[in-house]
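The values are calculated or read from the model by the stated rules, or taken from the named source; none is laboratory data. The shown structure was predicted, so the numbers you read here are calculated from the model rather than taken from an experiment. Reconstructed Cβ throughout: ideal geometry from the backbone, glycine too, with neighbour counts over all protein chains shown. What goes into the accessible areas is simple: the full protein's heavy atoms, side chains included, and nothing from ligands, DNA or RNA. Shrake-Rupley method; radii C 1.70, N 1.55, O 1.52, S 1.80 Å.
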Amino acid sequence: MCLGFLLHGNAVLAFDSIEKTRFLLLLRVFKPECEGLWFEARGWRRGWLRATGRLAPLSAASGIRGVKMDLFENEDMKLINLLPRDGEAYYHGKVLDTVTADMYLDKCLSELTWEHDRAFIYGKEIVTKRKIAWYADKPVSYTYSGYTKMALVWPDFLREIKQVVESHCGEMFNSCLGNFYSSGDEGMSWHSDAEKDLVESGSIGALSLGGARKFSFKHKPTGDSVSLNLEHGSLLIMKGTTQQNWLHSLPKTKKDVEPRVSLTFRQMRF
């Protein structure tokens, strides 16, 4: 059942759900069953609303299935920077509907090539429970934690996901490091993504699929921390000087959580 439409320039967003979000969004919603009635949602502390659905030209009846569009093109429609200083991190919330996110999760688990990660820490080799998969525009090597990994070329579905991420953050990515956490016993300790192979101050787009998990930032100079919950089908963007000034982690949890895949799209120096 279509609840209404969000008019935006020469496009219309036909939506079938409205959900709360912590981030700034102004909606003017026209409900066709109540001609002339508009609904406007504003008020940070009262809880924001987001319309979700399909974006299409006004002359079209269909749109992009499965993709939730956030319309933040003018000054009144901006995501809030999660970091109080020295970096930028923006949580877009769910950018994929549940059906589409489920489909991509299944494809990631069955079609990507996963292997246990290896790292040298204080001169000792560590083999992680967490598994990784590395993909890029072409077969290239990537070195971190004392190990060199060789990237595989994108499968078609992963290229589709990359395009969704790029459409939301306005950046282009040429590689993706996937992480697979089979349970809450697996996580990621404090670290920053500042390897020499990465573009300095480049953006990283992290798409989460599967069980929701806590994700934390810690300011290197002060120890101040910021945490949020990454939902199934959601997108987090880190950019600017975030990697130079902040650490991030995915803490382990004793909660019964579903398996999770994190796809971190990156800008490499090829």
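Answer rounded, prolate or oblate for the stretch 156-270, using the Cα gyration tensor with square roots of eigenvalues a ≥ b ≥ c: rounded when a/c is under 1.5, else prolate when a/b is larger than b/c, else oblate. Oblate. Extent of the stretch 166-219 along its three principal axes (Cα atoms, max minus min coordinate, largest first): 32, 26, 19 Å.
Counting only protein chain heavy atoms and rolling a 1.4 Å probe, the accessible areas of Cys169, Cys108 rank, largest first, as Cys169, Cys108. Sorting 252-258, 264-270 by their mean Cβ neighbour count within 10 Å, with the most densely packed peptide first, gives 264-270, 252-258. Taken over the stretch 110-179, the percentage of Cα pairs per 10 Å bin, counting from 0 up to the bin with the maximum distance, is 19, 45, 28, 8, 0.
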